[in-house]
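The values are calculated or read from the model by the stated rules, or taken from the named source; none is laboratory data. Values in this document were obtained by computation on a predicted structure and should not be read as measured data. Cβ placement follows ideal geometry from the backbone for every residue including glycine, while neighbour counts extend to all protein chains displayed.
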Amino acid sequence: MTALTTAKEMAALLAEAGIRAVVDPAKAGPPCVLITPPARAYDLPDGYTATWVLYALASPPGDEHAWSDLDRIADAVASVLPVRSVQPTWYIVPSAPESLPAYQLTLIEAPQCQ
């Protein structure tokens, strides 16, 4: 299974839970979750462990309304996927005129076979 296939499966799981999720940054209009390609640690003889970074995105400015939206999205994602950590950040969507308030959600996926 490819990383992109896994990302699309994650997006489908999130969609089933009522969370808008995309794998294409060009389609990342807030509020949504953007699933980006994973980092890989080739720590197994026949595969790797994937570290996924998802971005919960809210509309600017980064005020208390954005913060509230980010909290809601992060908690919803954590109820569906095994989120390990959440960090506040900003994300630049290629088509957006300004950076978006965001949470960076990190999860570690079980080892993947090649």
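Reported count of residues in the stretch 1-32, each being β-branched (Val, Ile, Thr), touching a helix residue (DSSP H, G or I) at 6+ places or on another chain (Cβ under 6 Å) and closer than 18 Å to Thr51 by Cα, is 1. Take the residues in the stretch 21-60 that are among the charged types (D, E, K, R) and either under 14 Å from Ile73 (Cα atoms) or assigned to a strand (DSSP E or B) (or both); name whichever of them is nearest to the chain's Cα centre (by Cα). My answer is Arg40.
Quick grid of which residues meet (1) modelled with pLDDT of 95 or more; (2) within 16 Å of Leu107 (Cβ to Cβ); (3) of a type in the set (Gly, Ala, Ser):
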residue	(1), (2), (3)
Ala17	yes, yes, yes
Pro30	no, no, no
Gly47	no, no, yes
Trp67	yes, no, no
Arg72	yes, no, no
Val83	yes, yes, no
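If you go through the stretch 1-20 and pick out every residue that is within 13 Å of Leu81 (Cα to Cα), touching a strand residue (DSSP E or B) at 6+ places or on another chain (Cβ under 9 Å) and in a loop (DSSP other than H, G, I, E, B), you end up with 1.
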